[in-house]
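Here the structure comes first, spelled out in structure tokens, and everything after it is commentary.
Please treat every number below as a calculation from the coordinates, not as lab data. This is a predicted model, so every value here is computed, not measured. Note that each Cβ is placed from the backbone with ideal geometry, even for glycine, and that neighbours are counted across all protein chains shown.
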Amino acid sequence: MLTAEEKSSVTALFGKVKVDEVGGEALGRLLVVYPWTQRFFEHFGDLSTADAVMGNPQVKAHGKKVLESFSEGLKHLDDLKGAFAKLSELHCDKLHVDPENFRLLGNVLVVVLARRFGGEFTPELQASFQKVVTGVANALAHRYH
Amino acid sequence: MRNKRPRSEAAARTCFWPIRLTSKLPDTMVHFTTEEKAAIASLWAKVNVEVVGGESLARLLIVYPWTQRLFDSFGNLYSESAIMGNPKVKAHGRKVLNSFGNAIKHMDDLKGTFEDLSELHCDKLHVDPENFRLLGNMILIVLATHFSKEFTPQMQAAWQKLTNAVANALAHKYH
């Protein structure tokens, strides 16, 4: 899926990512930009305004968890389906999440990386990351039935 | 003289869309709040149309390479640097973003504003409307890289709504 150069450039950029901050920001932005996604997090408390969402400790904690699993996925770029098999079953059987939301979160993550890295987020890096987030979204949808 | 289709809503609704948009926004008039309009306008005032337009189109061609087939006449698109430096890409990107500027002046009637462009993209250019959504996402990413402070979650939400609405308006006359 990714060339050796793409893998190393993705890994290099991701190595600079503050996982606990970026995860929370990505999940928060998902909930603000696509408000229907809040239905999955009704037990998170106050999501009534953009500021409430971005400052919500449960959003930050869950965002961090999501991005940690994404980081783990980056170590298995040649077998994303295997790496995300259990999470795929969980999201289908227990959490009942429409897989379209994985694609949306992936796109929000790309926007967050663009914002944080500015010009360093070259079109080439963007192309590589887009392949990764698409691959992860597909892997998470793979076990759906 | 070109035979224009009637502009009535009833005539518009008789157009059959074989292409299903993946956007989750309903097909009704999109309403932008005062805050959303103000946020969009405030960022727009800082945008260099040539730079952002050119870069957005270039990123589309690089990140989604199949879109290059729509620009066979543009010459050298063989590498990232060729695409980024290609004068036709920059010029066309500027043209596309200028039309966004027009959208911002007519946010209460995007379908009417983009009617002619919609017909053009369907009847003459044969562009899959999915590409409008992809280009809209590229504009957001370029804005994020250029305006890290200003591109708050609220700003992102307002611009995502705008790009989705423009994509829908451009697809509206497809048949």
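Observations on the model:
- Length-normalised contact order of chain A in % [C-alpha pairs under 8 Å, at least 6 apart]: 32 percent
- Average silhouette area of the protein assembly as shown, convex hull of alpha-carbon atoms, in square nanometres: 17.4 nm²
- Per-selection Kirkwood Rh - segment B:34-171 (Cα, Å, 1 d.p.): 15.2 Å
- Mean partner shielding of peptide B:79-87, defined as the number of other chain Cβ atoms within 10 Å of each residue Cβ, is 1.
- 11 Å beta-carbon shell around B:ARG59, net charge (K/R +1, D/E -1): -3
- For B:VAL49, A:VAL111, B:VAL166, order by how many other beta-carbon atoms lie within 10 Å, fewest first: B:VAL49, A:VAL111, B:VAL166
- Shape category assigned to segment B:27-68 from the gyration tensor of Cα positions, a/c cut at 1.5: oblate
- Semi-axes of the equivalent ellipsoid of segment A:4-141 are 24, 19, 12 Å, computed as sqrt(5λ) over the eigenvalues of the C-alpha gyration tensor in descending order.
- Taking Cβ atoms as reference points and 11 Å as the exclusive limit, the residues near A:ALA127 contribute a net charge of -1, counting Lys and Arg as +1 and Asp and Glu as -1.
- Annotation: extensible slack from B:HIS106 through B:SER81 equals 5.5 nm (criterion: 0.36 nm per residue apart, minus Cα-Cα distance).
- Estimated purely from DSSP H runs of n ≥ 4, each contributing -39500 (n - 2.57), the mean residue ellipticity at 222 nm for chain A is -20500 deg cm²/dmol once divided by its residues.
- Take every Cα pair under 8 Å whose residues are at least 6 apart in sequence, average their separation, divide by the length of segment B:37-124, and the relative contact order is 35 percent.
- Mean Kyte hydropathy of 0.0 or more with a Cα span along the axis of at least 20 Å, helices from DSSP in chain A: A:19-33, A:100-117, A:123-141
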